[in-house]
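**Student:** The structure that follows is given in the form of structure tokens.
The values are calculated or read from the model by the stated rules, or taken from the named source; none is laboratory data. This structure is a prediction, so every number in the text was calculated from the model and none was measured. As a convention, Cβ positions derive from the backbone with ideal geometry for all residues, glycine included, and neighbour counts pool all protein chains shown. We work out accessible area using only protein heavy atoms, side chains counted, and drop any ligands, DNA or RNA first. Shrake-Rupley method; radii C 1.70, N 1.55, O 1.52, S 1.80 Å.
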Amino acid sequence: EEDVSWSENFVPWKFKDDSSSPSSPSGRSVEFNFSSGSASRIAPYQVRWDYDQKENVYRRVSGNKQLLDLNTGQQISAKNVLLLFMSLSRANDGYIEEGLGTHLLYGTKGQGRAKFLLDGQILDGSWLKESRTDRTQFIDSQNQEIKLNRGLIWIEILPVGQEIKVDL
């Protein structure tokens with residue numbers, strides 16, 4: 001099927017304009033860790049997204065430092081931050097690095113729980129991806145596809161059961 005265009009079955013995500021009058025944020029920041037163990041081991045893997053109501057963006061902090069774009073020197077920010085909870089397993093590929101562990105695999109097909117950060121709100125929902133080549137869908141708690149803000153989208157994949165902390 002060499003004559004089939006890549007876009008023939010392409011299903012784009014849905015987008016909307018930013019809220020013209022953002023309501024009070026339901027969460028000013030969301031924080032989680034990519035590691036467990038001692039405080040010194042956790043700190044470099046601690047991530048926080050801080051909401052900037054004036055710009056209607058989330059700014060990323062990693063290891064208690066602003067995460068900067070190496071090209072612009074500006075703090076990394078996103079209009080949409082999507083937290084997707086997926087199954088996690090070891091790759092069993094023989095790779096082991098002292099102090100870091102082994103390669104890990106996330107189950108990126110199927111469906112699971114999600115949280116969506118946009119317009120200062122934290123929405124509960126789910127993600128759905130039926131096959132490797134399908135577009136991941138983002139569904140709200142009313143079973144409707146999420147409409148994302150136009151702009152940068154940052155997707156965080158977290159293991160099922162990962163705790164997140166929301167600061168109001």
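**Student:** Setting aside same-chain residues fewer than 8 positions from K14, which aspartates and glutamates have a Cα under 14 Å from its Cα?
**Tutor:** Reachable aspartates and glutamates: D140, E145.
**Student:** Using amide H atoms built in the peptide plane, which far-off residues or other-chain residues are under 5 Å from I146 H to H?
**Tutor:** Answer set, sorted by chain and number: F138, I139, D140.
**Student:** How large a share of the accessible area of the chain, in percent, is made up of carbon and sulfur atoms when the probe is 1.4 Å and the other protein chains stay in place?
**Tutor:** 48 percent
**Student:** Which residue, N56, S7, T72, has the largest displacement toward the positive end of the dipole of the chain when charges sit on each Cβ (Lys, Arg +1; Asp, Glu -1)?
**Tutor:** Highest projection toward the positive end goes to N56.
**Student:** Taking the mean number of other Cβ atoms within 10 Å as a proxy for protection, how do you rank 129-140, 51-62 from highest to lowest? Working shown, then result.
**Tutor:** Working: 129-140: 13.7, 51-62: 16.9.
Peptide ranking by packing, descending: 51-62, 129-140.
**Student:** A follow-up question, please. Just subtract the alpha-carbon distance of V11 and T108 from 0.36 nm times their residue separation and send over the number in nm, one decimal.
**Tutor:** Working: separation 97, 0.36 × 97 = 34.92 nm, distance 1.77 nm.
Length gained between V11 and T108: 33.1 nm.
**Student:** A follow-up question, please. How do 68-77, 152-161 rank on mean C-beta neighbours within 10 Å, highest first? Present the calculation step by step, with values, prior to reporting the outcome.
**Tutor:** Numbers: 68-77: 11.6, 152-161: 15.3.
Descending mean neighbour count gives 152-161, 68-77.
**Student:** Given a Förster radius of 41 Å and the C-beta distance between E130 and K54 as r, what FRET efficiency does 1/(1 + (r/R0)^6) yield to the nearest 0.05? If you can, show how the numbers build up before the last one.
**Tutor:** Values: r = 39 Å, r/R0 = 0.96.
Plugging the Cβ-Cβ distance into 1/(1 + (r/R0)^6) gives 0.55.
**Student:** May I ask what percent, to the nearest 5, of DSSP beta bridges between residues of the chain are antiparallel? Write out the running numbers ahead of the final one.
**Tutor:** Details: 42 of 52 bridges.
So the antiparallel bridges in the chain amount to around 80 percent.
**Student:** Let me ask something additional. Of all the C-alpha pairs in the chain, what % are more than 24 Å from each other?
**Tutor:** Details: 6221 of 14028 pairs.
For the chain, the fraction of Cα-Cα distances above 24 Å is 44 percent.
**Student:** Roughly how many nanometres apart are two label points built 7 Å out from the Cα toward the Cβ at V166 and Q144?
**Tutor:** Computed distance between label sites V166 and Q144 equals 1.9 nm.
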